[in-house]
Structures are given as C-alpha cells and as structure tokens.
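Working notes, beginning with the structure itself.
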C-alpha cells in the first residue's frame, strides 16, 4: 500500500512539473537543426479606451549558427483613430532593428533567417498601440512566434 501511495505521489508531481505557460524556452548549446528554441502563442496589446500600451518579450542563448524567426503580425488599427508599431531586435548578423509602423489593419506573415557568430545572442519582440478614439477595442499582436535552429 505504501508503494502504491508513493507511486501516485511521484506521478502527480511529474504531471504538475510538466505543466507550463504558453512560452517555451530551450537554452541548450548544441541544439540540433529543426529544434524550436523559442515560441510564444502571441505577444499582444489591446485597448478599449484611449491611451497607450506596450508589451515586450526577450530571449537569450549561448547558441551560435543559423536560426529562422517567424511570426504573423496582426492589427486592427486605422489612422487617425489609432497607431501601432511592432519591433524585432537582435544582435544577429545581419543586425535587425526592425520597427515598422502600423497605420491600417494588417494580417501578414513575417520570416527571416539570421546567423549568430559567437557568444551570447538575444532576441526581443515588442508591440505598441496608441488609441486616440474609444470607438471599439484596438489591438496589435505577434501571433505564433517561433525561433527555429537551422
């Protein structure tokens, strides 16, 4: 009976420890090609009133080599009622300070290949929204964010 209770306790703890949030980060040097190193369901901001909102997420690793970054940018802003922006920053080659402005509704995929020579590497993703008129909720989001080892 004691062994059965011990087995149930170990099983329960194993199940709980495998639960997590939407972000997955693997930080192992020597990651094989095709391995997802970072993922997030979405990075987003929403405003139903006038104002300003920003959200950002960063990730770093000691991994070197090539990676592919993919996400879909979505927004329902419409100037002059609202203004959005998203950013993608990294210390890869080529250096990517990618910060486009959003003036109209958008639903487009984004993909780029990057290379890291050596040392510590990082990624940062950002979304921003300025809502000038509270007619209906506005949003800016990066959906299905994924960094994959190539």
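In this simple spin-label approximation, residue 143 and residue 79 carry label points 7 Å from Cα along the Cα→Cβ vector, and these lie 2.4 nm apart.
Look at 141, 54 and count the other Cβ atoms within 10 Å of each Cβ; fewest to most, that gives 54, 141. Beyond 27 Å, how much of the Cα-Cα pair distribution for the stretch 22-149 remains, as a whole percent? More than 27 Å apart: 23 percent of the Cα pairs in the stretch 22-149. Given their separation in residues at 0.36 nm each and the Cα-Cα distance between them, residue 60 and residue 118 gain 19.6 nm when the chain is fully extended.
Read-outs throughout are calculated quantities, based only on the coordinates presented, and are distinct from any laboratory measurement. This structure is a prediction, so every number in the text was calculated from the model and none was measured. Glycine gets a Cβ as well: all are built from the backbone with ideal geometry, and neighbour counts include every protein chain shown.
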